[in-house]
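Right, one structure below, let's go through it.
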Amino acid sequence: MSVNVQEIGESRQEQKVARRHMALLFLFAVLVYFVGNASMVITDPVESNYVETAKEMMASGDLFSPRIYGNYWYDKPVFFYWELIAAFSLFGRTSFAARFFPALLSLVSLFLTYFFGRRLYGERIGWLAALIMGTSVELWYIGHAVITDTTLFVSMSGMLIAFYLGYTERLVRWYYLAFFLAGIAVLTKGPIGLCLPGLIILLFLAWERRLRELLSWHILAGFALFFVVTAFWYYPMVQLHGSDFIGKFLGVHNVLRATVSEHPRDNVWYFYILVYLAGLFPWSLASLPAALKRLWRRDVHLPRSSDLRFLVLWAVTVFVVFQCFATKYVTYTMPYLLPVSLLLARYFAARRELSRFLAGGMTALFVVLACFVAPPLMEKASGREMATLLTPAVERLTAETGAQPLVVSYRDDYSCSLVYYSGIVPYRLAPAEVLKKSMPAPGEISWNDKNVMPYLFQEDLPGDRDVVLLTDVERKDGVRMTAEMLSQELSGTWEQIGETGNGEQIFLRRAADGPQGEEMGR
């Protein structure tokens, strides 16, 4: 009887510890991933594409076909846009709303890590693994970014965890959950949402010598569920847009991404090694000496238990697959954060003081960054300030003349965040020989298909309309743009009518001051 009482007491104590850990984890996630989001404006070049697309989908009433600048485009599937639309509907079109789901799913990912780690190795490892991942630089960065990766991370991690629990506990409901989450991953990022975790599972079952597990009728039923989930969006898109959707979505944004580097300078063998060291900082560096020591002593062997095999295969497969991709991004290897955090927690569990110091220090650092450092830096990478100057200028000119002026962007990078904040879509202005190199060619699969903003050849700039021109702080030659320089390059008489704190400038050329106006005046 005393043994039972002791067991009951231990069980209650464990539950109390678990509740405390969950409460602390929730408070930590709110502090680190939500605080400061309202002050972080939308930045270029990535975040703005997502929010502008969601905004235009809401305005059009078409919640199936992503569009930007009035054009259909197929950079990503629809699920993340639905998240943004839901957040905008709940909180208004604010920075907090745009960052709500990335922050919320970062919180979810911490609880996923905690529950899976607790299930595998006990309370302390689960708690420490969640803390390690939550205080890593990569999750903090991506958890604040308006991009698809947190959604993919949670759905893909949930799929792999559900599969492993179904495999070890022999409960088929876990398999169905795994296939449902695979469908969400494919609705978020495309075929990689199934192919990558599917490869991990295939390799794991081969290592376990249990490939016959794939012949189970539950697996076949799971695939049927997967196809139902994904067909909810993919089938209407094929029916509505046909070969244009298939060619651009699969051809450009999936096959091309894997085979042709979008940023050749990053396609180096050590890219993801640096990403690991920086992304899991400070834990990666704190554990590096011990890892190097084991390599030096040749104290390295293959994992002997199923749980370790699964975690190691999960992490290594993600790393190797994206290392083989021609296009490399910092966010691509995010799916290995969960297994690596669990493996690191096994090492840091015996180093409590060091763990507390690192976790506490990074938590404080992240709060300072979110509140005081990130907002001004993000303002510089955003077109919001330019939008606050451009919108009233265009409205004033329209009221004066009865016709909206032509707005052109005469700079190196096209600002989608300017479009998002102002509602004005400038034409990208450049010489014809320059623009033709970056315009998509019919029937050709290339990275130029990502450029869907409206273009205007410099040679075709009309002289009979008011023209509002936006330009960078400096040109590529390092010389600051002036009205005189514009008059030489584009003809006509220009005047500066605005300048942002970053030195970006707005110029105006009246219709009467354009080339045709000057000729008519003579």
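The values are calculated or read from the model by the stated rules, or taken from the named source; none is laboratory data. Everything numeric in this text was worked out from a predicted model, so none of it was measured. Backbone-built Cβ (ideal geometry, glycine too); neighbour counts: all protein chains shown. Quick note on the areas: whole protein, heavy atoms, side chains included, nothing else; ligands and nucleic acids left out. Shrake-Rupley method; radii C 1.70, N 1.55, O 1.52, S 1.80 Å.
When residues in region 195-213 are screened for being open to solvent by 40 Å² or more (accessible area, probe 1.4 Å) and in a helix (DSSP H, G or I), 8 of them pass. Could you tell me whether residue 223 is open to solvent by 10 Å² or more (accessible area, probe 1.4 Å) and under 20 Å from residue 82 (Cβ atoms)? In short, no.
When 145, 185, 162 are screened for being under 27 Å from residue 254 (Cα atoms), of a type in the set (Gly, Ala, Ser) and free of Cβ contacts under 8 Å to residues at least 24 places away in the same chain, only 162 passes. Restricting attention to region 332-369, and to residues there that are within 19 Å of residue 141 (Cβ to Cβ), among the polar types (S, T, N, Q) and surrounded by 21 or more Cβ atoms within 10 Å (Cβ to Cβ), which single residue is modelled with the highest pLDDT? Checking each candidate, the answer is 341. Looking only at region 277-298, which residues are touching a helix residue (DSSP H, G or I) at 6+ places or on another chain (Cβ under 8 Å) and either closer than 26 Å to residue 196 by Cα or open to solvent by 50 Å² or more (accessible area, probe 1.4 Å) (or both)? Passing the criteria: 277, 278, 279, 280, 281, 283, 284, 285, 288. Suppose the filter is modelled with pLDDT of 95 or more, open to solvent by 10 Å² or more (accessible area, probe 1.4 Å) and not small (Gly, Ala, Ser); does residue 411 pass it? Considered against the rule, which asks whether it is modelled with pLDDT of 95 or more, open to solvent by 10 Å² or more (accessible area, probe 1.4 Å) and not small (Gly, Ala, Ser), residue 411 comes out as no. Based on this model, can you work out whether residue 44 counts as open to solvent by less than 60 Å² (accessible area, probe 1.4 Å) and without any contact (Cβ under 8 Å) to a residue 12 or more places away in the chain? No; evaluated as a whole, the condition is false for this residue.
Conditions (1) assigned to a helix (DSSP H, G or I); (2) touching a Pro at 6+ places or on another chain (Cβ under 9 Å); (3) modelled with pLDDT under 95, marked per residue:
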{"residue": "375", "(1), (2), (3)": "yes, no, no"}
{"residue": "399", "(1), (2), (3)": "yes, no, no"}
{"residue": "407", "(1), (2), (3)": "no, yes, no"}
{"residue": "417", "(1), (2), (3)": "yes, yes, no"}
{"residue": "421", "(1), (2), (3)": "yes, no, no"}
{"residue": "437", "(1), (2), (3)": "yes, no, yes"}
{"residue": "445", "(1), (2), (3)": "no, no, yes"}
{"residue": "452", "(1), (2), (3)": "no, yes, yes"}
{"residue": "463", "(1), (2), (3)": "no, yes, yes"}
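Only a single criterion out of (1) farther than 19 Å from residue 422 by Cβ; (2) surrounded by 13 or more Cβ atoms within 10 Å (Cβ to Cβ); (3) touching a helix residue (DSSP H, G or I) at 6+ places or on another chain (Cβ under 8 Å) is not satisfied by residue 90, namely (2).
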